[in-house]
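Accompanying notes for the structure given below.
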Ligand SMILES: [Zn+2]
């Protein structure tokens, strides 16, 4: 993996993380396809489970869902890498669940965030194919987290109890105790 394909991450405080992103107008544009390639390299390098375009400085409605983040999220099970363009998400249930989230743009901390447990996602992939899929539990959570980035929302905004913010160090201990 060559270093020139790694994109710099924007972090909390960067205005782009608070902007509503614009739809991708032409998926087949060379710049868009190059951006996708670089985001794929970057999310793998950072061991994220997802990466949205505003997190690499592009205010576009595009994100990656990646199975590479298992070390950051031991209970995550994403089977394949997905490139999600101009998504529309609707909840399949009113049922919510709270679980730990982190964000590559908010390093060092985790928070317990309530989200609906089932969603239907309609989106275009990088080939311009229209996909409609249903996702549940932790994978639905990743989609909702990444989709929030396209609307200028971060996980901290979704928390109902700010006392449920912990450090990465304490988060790792939660899983050590399980074993
Ligand atoms: Zn994030």
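Worth pointing out:
- Only one of 89, 119, 85, 106 that is within 14 Å of the ligand (Cβ to nearest atom) and under 30 Å from residue 37 (Cα atoms): 106
- Scanning the stretch 92-103 for residues that are without any contact (Cβ under 8 Å) to a residue 24 or more places away in the chain, under 18 Å from residue 139 (Cβ atoms) and either within 12 Å of the ligand (Cβ to nearest atom) or assigned to a loop (DSSP other than H, G, I, E, B) (or both) turns up just one, 95.
- Only residues that are surrounded by fewer than 14 Cβ atoms within 10 Å (Cβ to Cβ) and touching a residue at least 24 places away in the same chain (Cβ under 8 Å) were counted across the stretch 34-53, and they come to 1.
Table: residues versus (1) in contact (Cβ under 8 Å) with a residue 12 or more places away in the chain; (2) in contact with a helix residue (DSSP H, G or I) (Cβ under 8 Å, 6 or more places away or on another chain); (3) more than 16 Å from the ligand (Cβ to nearest atom).
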| position | (1), (2), (3) |
| --- | --- |
| 129 | no, no, yes |
| 134 | yes, no, yes |
| 138 | yes, no, no |
| 141 | yes, no, no |
| 144 | yes, no, no |
| 154 | yes, yes, no |
| 176 | no, no, yes |
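Values quoted throughout were computed directly from the atomic coordinates according to the rules given, and no laboratory measurement underlies them. Remember, predicted model here, so these are calculated numbers, not experimental data. Every residue, glycine among them, receives a Cβ derived from its backbone with ideal geometry; neighbour counts consider all protein chains shown.
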